[in-house]
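Some notes on the structure that comes next.
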Amino acid sequence: MIFTYTIEEDELLKSFLYRHDFSKKTISAIKQDGALLVNNAHATVRYQLSPGDCLEVRLPRELPSPNLIPFEKPLNILFEDDFILIVSKAPMQNSAPSREHPHESLVEQALNHMNNQNETGIPHIVTRLDRNTSGIVVFAKSRHIHHLLSEAPMHKNYVCLCEGETSLEGDIIKPIMRHPDSIIERMVHPDGKYAHTSFKRLGYKHGVSLCDVRIHTGRTHQIRVHFKAIGHPLLGDGLYGGQTDQFQYHMLHAERILFTHPITLEKLDIVDQFSDIRNRFNAL
């Protein structure tokens, strides 16, 4: 991956890189296996840039973990360019390998896709979803882009089915921490970390609410824990009290994400309509 800049003022190359949000780790990697070129000549980070100089930053080729096995399966691609890959994840698939499900994860699927396109980077997960949750997952195609996206504000909306009739709208502001008797389960507790979820009810029938949900923080299992806390667990969520024979996994889908592209500065508004949650509600 190559970035090209035309220099507009006197500046130390190292300062320029920091100002453009290249992390210390990325700069170190460039020194080892990448390149910094000024006017087509190799330069070090101590080079003094001048107005009119052409700077080329070449990121090193990244190698995936040997534990990752490329998974040959077509992706549901919602957006892709040289820097970012945004896909729709199906339910019952891990975002990344785990002890229980070591392979056929979404990241291995994305790795296979990038390999087929002879990309020099590897997929880095920016927005991770639980195994049972479907919807939008954002991948950065290099460590540097992952760093930039991790600093970028993201507006995330989900759609869910939950038990009972919720209020028309509301804010759930309750701290979340890990349950002391589990490595997986989370719980609302005063000693937990601040967590904020807001929702609007889109429909209600036969004891089921369809809600649009926005998360303002990113705690593990946040929506599931918060909806349990207000007495409306997600349908199909056995861990948090919504178990039902009608649904084999919890009814939660990451439907929309809005953020600014870190390189092109384009305002991205990505909507994923692969979910059948709305159709399931309509069929009740």
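The values are calculated or read from the model by the stated rules, or taken from the named source; none is laboratory data. This one's a predicted model, so the numbers in the text were calculated from it and none came from an experiment. Heads up, the Cβs are rebuilt from the backbone with ideal geometry, glycines too, and the neighbour counts pull from every protein chain shown. Ligands, DNA and RNA are stripped out before the accessible areas are found, and what is left, the full protein with its side chains, is counted by its heavy atoms. Shrake-Rupley method; radii C 1.70, N 1.55, O 1.52, S 1.80 Å.
Computed values, structure above
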{"item": "Label-point gap, in nm, between ASP276 and ALA90 - each point 7 angstrom along Cα→Cβ", "result": "1.1 nm"}
{"item": "Efficiency of FRET from Cβ geometry, ASP81 and LEU37, R₀ 30 Å, rounded to 0.05", "result": "0.85"}
{"item": "Under Karplus coefficients 6.51, -1.76 and 1.60, residue-wise ³J(HN,Hα) of the range 258-269 in Hz, glycine/proline x", "result": "10, 6, 9, 4, x, 9, 7, 6, 5, 7, 9, 10"}
{"item": "Cα centroid separation, the range 95-111 to the range 267-283 (Å)", "result": "24 Å"}
{"item": "P(r) weight above 17 Å for the range 67-151, C-alpha pairs, percent", "result": "41 percent"}
{"item": "The range 1-144, relative contact order in percent, only Cα pairs under 8 angstrom and at least six apart counted", "result": "23 percent"}
{"item": "Reachable lysines, given that their alpha-carbon falls under 19 Å from the alpha-carbon of LYS200 and they are not under 8 places away in the same chain", "result": "LYS156, LYS174, LYS228"}
{"item": "Relative contact order (%) - the chain, alpha-carbon pairs under 8 angstrom, separation at least six", "result": "15 percent"}
{"item": "Hypothetical label at ASP10: residues of the range 26-56 whose amide nitrogen lies under 17 Å (7 Å Cα-Cβ projection)", "result": "46-53"}
{"item": "Helix-derived mean residue ellipticity, 222 nm - over the chain, DSSP H n ≥ 4, -39500 (n - 2.57), to 500", "result": "-5000 deg cm²/dmol"}
{"item": "Nonlocal amide H pairs with PHE79, under 5 Å, H built at 1.01 Å", "result": "ILE86"}
{"item": "Segment ASN116-LEU258, length gained on full extension (0.36 nm per residue, minus Cα span)", "result": "48.3 nm"}
{"item": "Whole-percent carbon and sulfur share, accessible surface of the chain, 1.4 Å", "result": "48 percent"}
{"item": "Förster radius 25 Å - calculated FRET efficiency between ASP21 and ARG61, Cβ distance, rounded to 0.05", "result": "0.75"}
{"item": "Net +/- balance of residues flanking ILE257 in space, Cβ distance below 10 Å, scoring K and R +1, D and E -1", "result": "-1"}
{"item": "Rounded FRET efficiency, nearest 0.05, which uses the C-beta distance separating ARG128 from ARG178 and R0 of 25 Å", "result": "0.90"}
{"item": "Binned Cα-Cα distances of the chain, short to long, each 5 Å bin given as a whole percent", "result": "1, 5, 11, 14, 15, 14, 12, 9, 7, 5, 4, 2, 1, 0"}
{"item": "For the range 169-181, Karplus couplings with θ = phi - 60° (6.51, -1.76, 1.60), whole Hz, Gly/Pro x", "result": "7, x, 10, 10, 10, 9, x, 10, 9, 5, 5, x, 9"}
{"item": "Additional length obtainable on full extension of the chain from SER98 to ILE69, 0.36 nm per residue less Cα span", "result": "9.1 nm"}
{"item": "5 angstrom amide H check on THR127, placed H, neighbours 5+ away", "result": "VAL138"}
{"item": "For the range 155-254: Kirkwood Rh in Å [reciprocal of mean 1/r, alpha carbons]", "result": "13.4 Å"}
{"item": "Cα-centred dipole magnitude for the range 155-254, charges only on beta-carbon of K, R (+1) and D, E (-1), debye, nearest 20", "result": "320 debye"}
{"item": "Calculated from backbone phi, Karplus (6.51, -1.76, 1.60) coupling profile of the range 209-226 in Hz, x at Gly/Pro", "result": "9, 9, 10, 8, 10, 10, 9, 9, 10, x, 7, 4, 6, 4, 5, 4, 5, 5"}
{"item": "Extent along principal axes [Cα atoms of the range 140-184; Å; largest to smallest]", "result": "44, 33, 19"}
